[in-house]
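Quick notes on the structure that follows.
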Amino acid sequence: MSDFDTVLHPDWVVPIAPKREVFTDFSVALKDGQIAAIAPRDQAQEFDADEHVALPSTALMPGFVNLHCHAAMALLRGYADDLPLMTWLQQFIWPTESHFVSQEFVRDGSELAIADLLLGGTTTMVDQYFFPEITAEVADRVGLRALLTFPVIDVETAWARDAESCINRGLELRDRYRDHDRIEVGFGPHSTYMVSEHTLSRVAMLAEELDAPIQIHLHETREEVLNSVERLGMRPIDFLEQVGLLGPRTQCVHMTALGDQDIATVAKHGAQVVHCPRSNLKLGSGICPVQKLMDHDINVALGTDGAASNNRLSMLGELQIASLIGKTQHGNPKAVDAWTALEMATVNGAIALGQLEKIGTIEVGKTADLIAVDLSGVHHWPRHDIPSSLVYATQGNEVAWSWIAGKPVVANGQLQTLDYLDLQNRAMRWSEQLSAFRATLEH
Ligand SMILES: [Zn+2]
């Protein structure tokens, strides 16, 4: 038997740990789905392995950890654009979902999204959508690492009758994947405006008992904050604190419209912040003050949000824009620098999930969730600085290879576990049905 399964020979390794270092002419060896050795290329070429993979002009880095998605909503990409959040939700998204959402919708939408995510270098996805058992099945089958945060809302949906039945179905699913290596299940209470105080308290209690992750949309817009003050007499984050839902296992998604007091509250509880810059920009929601949060030692990770509000699912696109708007927002080109953007998309995501011992960096003993980013294009020349290339010069389509737990899911730019033509056919079928329905929504 060989010492290693696979040895990867990129031109550069961007391990993320040690911090802010690039190894030139180094190779990474994999064994049993784990990173087994990192060595200079001339030594590694001699390694006894089942296969050696040459990856010229690529930078090998940890796979992206995409902290917020609604995968199945890929079927609603471009369905209703250029609208403010509440109009978009109430007049278009929610009526369409209540008409169409089914196991089949979620299966086809999840596959489409996951194909897109894999080609964009996402190796871990956090998802929040109806029928999470279907998305879990798809993720499991195609080899993606995923945290499914099952929806908890008080209104009836195709998936569950009420909040209690959401929780029951979700916990059943959590139980089913208890010992799974790649799939985890947590709580996804939608927001403080869609879930009652009673339900939020119950989620807080159960999550604490089970030590389970929680993901919630929070401070997505200024209006959400103002409405909360009017309705509950307090800001959403204070309400979350009051119901006991704010802690290190809570992932607060969006977090625009934050005052100094709000930032102090997040810091006090060690809660996780998830920045979704493109979705926020596109819905005109606001901008999360990333650098300011980080200066208060708050961990900020990155998410694409769903394709209905982004409309891409590209983590390279997301980290680029996070860096650019971070600078403009703070009036400081040093804010959210290139390394910070790369860390947000990798190691900070691992920290937010409590999975730092397993993913987020290239270190011996960690799971082999890796991507090779192709920097051969003329738009990367002359490659003075690799992190700069990765953040500022990428066009989003440079992820040429991706491995999850050592298994290739993208090779030479091609999907290995999903059928491109089949995906295309199903997307086109949905397009016809959805367009016909959308025409009935226009006034
Ligand atoms: Zn969302």
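Here's the yes/no breakdown for (1) at negative phi; (2) more than 16 Å from the ligand (Cβ to nearest atom):
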{"site": "284", "(1), (2)": "no, no"}
{"site": "304", "(1), (2)": "yes, no"}
{"site": "309", "(1), (2)": "yes, no"}
{"site": "321", "(1), (2)": "yes, yes"}
{"site": "328", "(1), (2)": "yes, yes"}
{"site": "343", "(1), (2)": "yes, yes"}
{"site": "348", "(1), (2)": "yes, yes"}
{"site": "353", "(1), (2)": "yes, yes"}
Out of (1) closer than 16 Å to residue 137 by Cα; (2) crowded, with 17+ Cβ neighbours inside 10 Å; (3) not β-branched (Val, Ile, Thr), what's the single condition that is false for residue 180?
(2)
Contact list, first residue from the range 285-314 and in contact (Cβ under 8 Å) with a residue 60 or more places away in the chain and basic (Lys, Arg), second anywhere and more than 15 Å from the ligand (Cβ to nearest atom) and part of a loop (DSSP other than H, G, I, E, B), beta-carbon distance below 8 Å, six or more apart or interchain, is 312/120; 312/396
Within the range 58-76, is there a residue that is among the small types (Gly, Ala, Ser), within 16 Å of the ligand (Cβ to nearest atom) and without any contact (Cβ under 8 Å) to a residue 40 or more places away in the chain?
no
I'd like to check which helices (runs of 4 or more DSSP H) are fully inside the range 86-176 and have at least 1 residues that are under 19 Å from residue 195 (Cα atoms).
94-100, 132-142, 163-176
Just give me the residues in the range 248-266 being assigned to a loop (DSSP other than H, G, I, E, B) and either under 19 Å from the mean Cα position of the chain (by Cα) or at positive phi (or both), in sequence order.
248, 249, 255, 256, 257
Residue list for the range 77-93, restricted to those being away from the ligand (no atom under 13 Å from the Cβ) and without any contact (Cβ under 8 Å) to a residue 12 or more places away in the chain
82, 87, 90
Flagged in the range 334-375 as among the hydroxyl-bearing types (Ser, Thr, Tyr) and not in a loop (DSSP other than H, G, I, E, B), in numbering order, are 340, 367
When residue 190 is evaluated against the numbered criteria (1) within 25 Å of residue 223 (Cα to Cα); (2) within 16 Å of the ligand (Cβ to nearest atom); (3) crowded, with 20+ Cβ neighbours inside 10 Å, which criterion, by number, is the only one it fails?
(3)
Tabulated pairs, the range 31-43, first in contact (Cβ under 8 Å) with a residue 12 or more places away in the chain and crowded, with 16+ Cβ neighbours inside 10 Å, second of a type in the set (Val, Ile, Thr) and not in a strand (DSSP E or B), C-beta under 7 angstrom, 6+ apart or interchain
35/362; 35/364; 36/364; 37/364; 38/362; 38/364
Select from the range 61-77 the residues that are outside any helix (DSSP H, G or I) and either buried (at least 24 other Cβ atoms within 10 Å of the Cβ) or on the phi > 0 side of the Ramachandran plot (or both) and list them in ascending order.
61, 62, 63, 64, 65, 66, 67, 68, 69, 70
When restricted to 110, 98, 102, the only residue at pLDDT below 95, of a type in the set (S, T, N, Q) and not assigned by TED's automatic domain parsing to the domain that holds residue 400 is 98
From the list 235, 249, 278, exactly one residue is within 16 Å of the ligand (Cβ to nearest atom), assigned by TED's automatic domain parsing to the domain that holds residue 186, charged (D, E, K, R) and touching a residue at least 12 places away in the same chain (Cβ under 8 Å). Which is it?
278
Going by the conditions given, is residue 127 under 30 Å from residue 390 (Cβ atoms), at pLDDT 95 or above, within 18 Å of the chain's Cα centre (by Cα) and surrounded by fewer than 20 Cβ atoms within 10 Å (Cβ to Cβ)?
no
Restricting the search to the range 267-319, which residues are in a helix (DSSP H, G or I) and in contact with a Lys or Arg (Cβ under 9 Å, 6 or more places away or on another chain)?
278, 291, 317, 318
Take residue 100 and decide whether it is crowded, with 23+ Cβ neighbours inside 10 Å and either under 24 Å from residue 369 (Cα atoms) or more than 16 Å from the ligand (Cβ to nearest atom) (or both).
no
Any chance residue 203 is buried (at least 20 other Cβ atoms within 10 Å of the Cβ), touching a residue at least 40 places away in the same chain (Cβ under 8 Å) and not in a helix (DSSP H, G or I)
no
When residues of the range 206-229 are limited to those that are within 16 Å of the ligand (Cβ to nearest atom) and within 14 Å of residue 150 (Cβ to Cβ), the one surrounded by the fewest Cβ atoms within 10 Å (Cβ to Cβ):
213
Need pairs with beta-carbon distance below 7 Å; first residue touching a residue at least 24 places away in the same chain (Cβ under 8 Å) and within the range 98-113, second of a type in the set (D, E, K, R) and buried (at least 19 other Cβ atoms within 10 Å of the Cβ); sequence gap 6+ or separate chains.
none
Any hit, the range 362-383, residues being on the phi > 0 side of the Ramachandran plot and surrounded by 22 or more Cβ atoms within 10 Å (Cβ to Cβ)
no
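The values are calculated or read from the model by the stated rules, or taken from the named source; none is laboratory data. In this text the structure is predicted, and so the values were computed from the model without any measurement. Neighbour counts are summed over all protein chains in view; Cβ atoms, including those assigned to glycine, are modelled from backbone coordinates with ideal geometry.
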